[in-house]
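Okay, so here's the structure we're looking at.
Nothing in this text is a laboratory measurement; each read-out follows from the coordinates by a stated rule. Please read these numbers as outputs of a predicted model, since none were measured by experiment. Counting neighbours? That spans all protein chains shown, and the Cβs are built from the backbone with ideal geometry, glycine included.
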Amino acid sequence: MERRTLLRAAVLGGSSAVLGGTLWRGAAYAAPAQPGTGPYGPLGSPDANGIRLPSGFTSRVIARSGQTVPGTSYTWHNAPDGGACYADGSGWIYVSNSEINPGGGVSAVKFSSTGAITAAYRILSNTRTNCAGGKTPWNTWLSCEEVSRGYVYETDPWGTKAAIRRDAMGRFKHEAAAADPVRKVIYLTEDETNGRFYRFVPTTWGDLSSGTLQVMMAGSATSGSFTWANVPDPDGSPTTTRTQVSGSKSFNGGEGCHYADDKVWFTTKGDNRVWQVNLTSNTYELAYDDSLVTSGTAPLTGVDNITGSASGDLFVAEDGGNMEICVITPDDVIAPFLRIDGQSGSEITGPAFSPDGRRLYFSSQRGTSGSSSGGITYEVTGPFRS
């Protein structure tokens, strides 16, 4: 679906907003059908897991840090972060990073066609602060180290092939990755206050062992056109990758990244923005900016991981804020989809849909304890829009 220009936000009913054209275009704002709610309606009371959900949705706990995953002998990792789902015959697999240092790595949970947990296991070990990452079209998981001169590791969700460090993708404070099968590139965010937005162009699509790292070139404005320039030294030493190319565009704390329909969206936590990059027109603009909210309370704060559904909805997880996952619809309505109560010392991470689009997986990285050893991974099932 085509998404309109999204440069101005107005809050309606206190907890939802419609994003529309800029004021100089004279765009009118239209309220959602029910003020204060989004396409799924209002959030209900907390369920047994402390999660507020719209009517028709239910939650269950999949795993807890330091405890065995139900039905298996595998102990779930601390500080669960970025994740993705993979089809596995009639079932599926959910992978999850561990944002601890040292140790890091990635774990996986396997599900049957009915959603029953059938196995859990490790697919990457002995890395550092594995934060977000991205799924490739050839069904591997790119796990990114959020440390200075961190690496990207390509991992096998089935755990049968050894993980491979992908040096050519650059050494910097990696956050997320998103694959573009049309242009045959991987987009990468950098979690620095003056981070950059990159793309990696593999020599051969499907093989990340070699290629060219490029950085976005643009002005300081919040919208405009852009080009790409090669990063001379992807190793980032002695000069960091973000400072090697004069004229590359700075972003304040790059976080989640999602590709769909010739566009890529990414979040910047430092200024609480969601950016939209149109890859057909080579232009970029803001999809959400809480500093432009004109009344009430910003509906989305602490933007972090981002994913999309079959309907074209974007689901953005909050790092802090109200501990919500918010939805941004193709017609530019933004509202909470869920909220976790009693976990203000945590953040929501790793949102990903099952292959059939009926289940959403995510984690509370530090749970009720506020500690990395208190992480909880959830599943929400219900009538998601298709």
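When the Cα centres of the stretch 303-359 and the stretch 79-139 are compared, how far apart do they sit, in Å?
18 Å
Pop out the ³J(HN,Hα) list for the stretch 208-219 in order, Karplus 6.51 cos²θ - 1.76 cosθ + 1.60 with θ = phi - 60°, rounded to Hz; leave Gly and Pro as x.
9, 6, 8, x, 10, 8, 10, 10, 6, 10, 6, x
What residues qualify as long-range amide H neighbours of G82, i.e. H under 5 Å apart, gap of 5 or more or another chain, H built at 1.01 Å from N?
When sequence neighbours closer than 5 places are left aside, the close amide H contacts are N97, A132, G350.
So if I take the centroid of the Cα atoms in the stretch 190-248 and the same for the stretch 255-302, what is the distance between those two points in Å?
19 Å
Tell me, what is the Rg over Rh of the chain, with Rh the Kirkwood radius over Cα pairs? Display every interim value, and only then the final one.
Numbers: Rg = 19.6 Å, Rh = 20.7 Å.
With Rh from the inverse mean 1/r over Cα pairs, Rg/Rh is 0.95.
Whose amide H sits under 5 Å from the amide H of G375, counting only residues 5 or more places off or on another chain, with H placed in the peptide plane?
The answer is S65, A79.
I need the peptides 70-76, 173-179 ranked by packing, meaning the mean over residues of other C-beta atoms within 10 angstrom, with the highest value on top. List each step's numbers first, then the result.
Numbers: 70-76: 15.7, 173-179: 26.9.
The densest-packed peptide leads the list: 173-179, 70-76.
Using +1 at the Cβ of each Lys and Arg and -1 at the Cβ of each Asp and Glu in the stretch 235-356, identify which of F315, C257, A298 lies farthest towards the dipole's positive end.
C257
Just check the stretch 260-386 against the gyration tensor rule for me: Cα atoms, a ≥ b ≥ c as the square roots of the eigenvalues, rounded for a/c under 1.5, and otherwise prolate or oblate depending on whether a/b exceeds b/c.
Details: a/c = 1.84, a/b = 1.29, b/c = 1.43.
Oblate shape, in that a/c is at least 1.5 and b/c is the bigger or equal ratio.
Over the stretch 154-288, what relative contact order in percent results from Cα pairs under 8 Å that are six or more residues apart?
Relative contact order, the stretch 154-288: 22 percent.
Hey, if you put +1 on the Cβ of every Lys and Arg and -1 on every Asp and Glu Cβ in the chain, which of A84, G56, P42 ends up farthest toward the positive end of that dipole?
A84
Using θ = phi - 60° and the Karplus curve 6.51 cos²θ - 1.76 cosθ + 1.60, what whole-Hz ³J(HN,Hα) does each residue of the stretch 221-226 get, with Gly and Pro shown as x?
5, 8, 7, x, 9, 8
Non-local amide H neighbours of D88 (under 5 Å, H modeled in plane, Pro and chain starts lacking H): which ones?
Amide H neighbours of D88: I93.
What net charge do the residues around G159 carry, taking every other residue with its C-beta under 11 Å from that of G159, with Lys and Arg at +1 and Asp and Glu at -1?
Result for the local shell: +2.
Any of K184/K263; K184/K249; K173/K269; K110/K135; K184/K269; K249/K269 with alpha carbons more than 18 Å apart? Name them for me.
K184/K249; K184/K269
I'd like the Karplus ³J(HN,Hα) series for the stretch 233-242: coefficients 6.51, -1.76, 1.60, θ = phi - 60°, whole numbers in Hz, and an x wherever there's a Gly or Pro.
Listing the rounded values in order: 10, x, 5, x, 8, x, 9, 4, 4, 6 Hz.
Report the one residue of S148, V109, S237 whose Cα lies farthest in the direction of the positive end of the charge dipole of the chain (charges on C-beta: Lys and Arg +1, Asp and Glu -1; origin at the Cα centre).
V109
Hey, got the dipole for the chain? About the Cα centre, +1 on K and R Cβ, -1 on D and E Cβ, debye to the nearest 20?
Once rounded to the nearest 20, the dipole reads 280 debye.
If you put +1 on each Lys and Arg Cβ and -1 on each Asp and Glu Cβ, how big is the dipole of the stretch 193-262 around its Cα centre, in Debye rounded to 20? Show your work: numbers first, answer last.
Details: 4 positive and 6 negative charges, 53 e Å.
For this selection, approximately 260 debye.
Quick one: dipole size for the stretch 239-386, taken about the Cα centre, charges +1 on Lys/Arg Cβ and -1 on Asp/Glu Cβ, in debye to the nearest 20.
Using Cβ point charges on Lys, Arg, Asp and Glu, the stretch 239-386 gives about 300 debye.
Using Cα-Cα distances under 8 Å and only pairs 6 or more residues apart, what relative contact order does the chain have, in percent? Spell out each step's value before the answer.
On the way: 1190 pairs, mean separation 68.9, N = 386.
The normalised contact order for the chain reaches 18 percent.
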